[in-house]
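Have a look at the structure below before the remarks.
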């Protein structure tokens with residue numbers, strides 16, 4: 001049984017703490033809130049609020065202390081065992097209910113696209129369709145609605161592509177389909193989906209081949225007349241063998257000319273060439289949303305690492321540029337790279353973004369310390385595999401912790417790190433005082449009641465999986481705050497939603513591990529002889545108050561601390577050039 005709650009008014013205790021006077025919920029009200037979220041994920045903020053009040057009450061007499069030199073168990077707050085049982089029971093229920101299969105980011109983008117774009121599985125069933133598809137094909141359920149508009153040859157090509165996807169064959173060459181409707185041409189290509197199976201994307205390829213288009217290809221890429229003819233025939237859907245027959249050239253000659261076209265245009269393959277040319281001719285009809293796409297459309301793969309674990313790797317920027325290893329934060333994942341990818345390419349930066357354990361498709365590591373060590377090993381192996389030479393680290397938010405670990409690891413290939421909106425260890429109550437409420441509650445829970453953290457993370461995932469993901473953002477960055485104004489001004493909402501889903505993709509392990517690291521003394525084991533770090537911090541940061549960040553920076557002789565006035569947590573979006581300029585300052 002919990003200890004008696006004195007001085008209650010209508011069953012609620014009135015207390016005064018660092019955050020003012022408020023009523024603290026009774027245990028019964030906390031229990032009711034716990035089970036409420038099982039039924040209504042959109043009530044997550046109410047549960048957080050109730051728990052915040054209750055935990056603040058439990059902490060009110062503990063003072064302002066650190067756990068330095070103490071066993072962690074001695075620093076934890078004792079929670080009523082019966083209340084703990086309710087948390088555990090609710091967590092089990094959430095796990096038994098399972099996760100709602102969230103719509104993939106690609107499907108969300110396609111369903112919101114105005115043009116002709118269609119996504120289908122290997123079974124021929126439609127997974128997502130743009131507005132024009134729904135209008136022309138009357139909300140198709142399967143591929144039969146499109147077949148009615150294809151000539152025999154196009155149907156055969158589509159069938160072959162579907163069969164290749166079913167067989168698990170990697171067919172990178174796109175096929176161009178003719179239709180009896182507008183658009184007259186479609187491009188179909190195979191691609192992977194989140195569950196590891198194949199899927200087919202079909203998009204409009206409307207263009208008008210004109211003498212001006214031919215001149216553009218000659219002027220832009222230096223193509224010869226024969227090479228322009230190769231491009232025109234590929235755009236019409238002819239194979240290289242057919243082009244050879246039509247032009248009375250040998251197939252060997254045509255293949256060599258096609259290779260020359262790819263080399264001159266920089267297109268990796270025929271599918272990329274077709275899309276590039278269509279875009280240049282008619283400014284393309286590529287998939288777009290109103291602003292930045294919600295999906296993170298970056299090249300990625302899953303690697304088998306020497307540790308025996310799988311690690312997902314994203315890449316963007318200039319493939320021949322200066323290497324930068326990007327370490328993502330907890331919540332927005334790879335969103336900054338999607339937002340900045342064109343700028344990164346112009347800057348001549350080659351970005352490799354390894355996904356930390358427990359996020360995306362990277363295999364989780366339960367122990368936080370082991371997760372840090374595994375990731376450090378993965379990055380060393382990454383530099384070996386890709387022969388990166390010397391590389392800079394760009395750490396964002398929680399990824400900064402991993403960056404400090406790497407910079408102190410002694411690898412001579414590491415130039416140093418630019419740390420953006422990062423933090424040192426959060427050990428004392430004063431470290432949390434300036435935080436926004438949601439972040440403070442999660443920090444409190446990780447620091448003083450860590451056994452309950454998985455429940456709150458799992459409950460948050462239920463909200464992210466639901467169609468109420470905006471509710472999650474509303475609590476993190478309420479309307480009227482600086483961060484919310486930045487989201488609106490830069491049109492970041494869909495990109496942030498994608499980041500939340502990335503964080504939640506693999507379940508609770510990544511977030512729980514990160515949170516536990518953040519509230520532990522992770523810095524003491526690090527060597528004082530570390531590579532240089534430039535720490536950039538927004539003066540308006542609501543998650544890591546600037547004073548807390550600066551206090552930590554003063555303890556590390558290798559850290560240069562800079563405050564950006566008028567900027568908050570999203571400084572990588574607000575002041576990207578300052579971040580990229582700082583990378584140039586690191587020793588070459």
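The values are calculated or read from the model by the stated rules, or taken from the named source; none is laboratory data. What you see is a predicted model, and the numbers here were worked out from it, not measured in a lab. Note that each Cβ is placed from the backbone with ideal geometry, even for glycine, and that neighbours are counted across all protein chains shown.
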Practice item. Would you check if residue 7 is surrounded by 18 or more Cβ atoms within 10 Å (Cβ to Cβ), modelled with pLDDT under 50 and farther than 16 Å from residue 452 by Cβ? Key: no
Practice item. Quick one: in the range 344-368, of everything that is touching a residue at least 60 places away in the same chain (Cβ under 8 Å) and not in a loop (DSSP other than H, G, I, E, B), which residue is surrounded by the fewest Cβ atoms within 10 Å (Cβ to Cβ)? Key: 368
Practice item. Could you tell me which numbered condition residue 531 fails, if it satisfies all but one of (1) in a loop (DSSP other than H, G, I, E, B); (2) under 22 Å from residue 368 (Cα atoms); (3) in contact with a strand residue (DSSP E or B) (Cβ under 9 Å, 6 or more places away or on another chain)? Key: (2)
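For (1) modelled with pLDDT under 85; (2) surrounded by 13 or more Cβ atoms within 10 Å (Cβ to Cβ); (3) part of a loop (DSSP other than H, G, I, E, B), each residue gets a yes or a no:
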{"position": "102", "(1), (2), (3)": "yes, yes, yes"}
{"position": "115", "(1), (2), (3)": "yes, yes, yes"}
{"position": "127", "(1), (2), (3)": "no, yes, no"}
{"position": "139", "(1), (2), (3)": "no, no, yes"}
{"position": "149", "(1), (2), (3)": "no, yes, yes"}
{"position": "155", "(1), (2), (3)": "no, yes, no"}
{"position": "160", "(1), (2), (3)": "no, no, no"}
Exercise for review: Scan the range 192-209 residue by residue and report those that are more than 30 Å from residue 360 (Cα to Cα) and modelled with pLDDT under 70.
Suggested key: 206, 207, 208
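Please tell me if residue 434 is on the phi > 0 side of the Ramachandran plot and not in a helix (DSSP H, G or I). Lay out the reasoning, then the answer.
Numbers: on the phi > 0 side of the Ramachandran plot: no; not in a helix (DSSP H, G or I): yes.
Criteria not met by residue 434.
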Review point. Looking at (1) over 26 Å from residue 546 (Cβ atoms); (2) touching a helix residue (DSSP H, G or I) at 6+ places or on another chain (Cβ under 9 Å); (3) without any contact (Cβ under 8 Å) to a residue 60 or more places away in the chain; (4) assigned by TED's automatic domain parsing to the domain that holds residue 336, which is the only condition residue 391 fails?
Key: (3)
Revision key, fill the gap. Checked against (1) in a loop (DSSP other than H, G, I, E, B); (2) loosely packed, with under 15 Cβ neighbours inside 10 Å; (3) modelled with pLDDT under 90, residue 246 satisfies every condition except (1)
Point to revise | Filter pass, residue 228 being surrounded by 14 or more Cβ atoms within 10 Å (Cβ to Cβ), more than 30 Å from residue 132 (Cα to Cα) and either at pLDDT 75 or above or assigned by TED's automatic domain parsing to the domain that holds residue 151 (or both) | key: yes
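Within the bounds of the range 492-502, is there any residue that is part of a loop (DSSP other than H, G, I, E, B), under 16 Å from residue 403 (Cα atoms), in contact (Cβ under 8 Å) with a residue 12 or more places away in the chain and in contact with a helix residue (DSSP H, G or I) (Cβ under 7 Å, 6 or more places away or on another chain)? Outline the logic, then answer.
From the range 492-502, those part of a loop (DSSP other than H, G, I, E, B) are 492; that's our starting set.
Keeping just the survivors that are under 16 Å from residue 403 (Cα atoms) gives none.
No, the range 492-502 contains no residue that is part of a loop (DSSP other than H, G, I, E, B), under 16 Å from residue 403 (Cα atoms), in contact (Cβ under 8 Å) with a residue 12 or more places away in the chain and in contact with a helix residue (DSSP H, G or I) (Cβ under 7 Å, 6 or more places away or on another chain).
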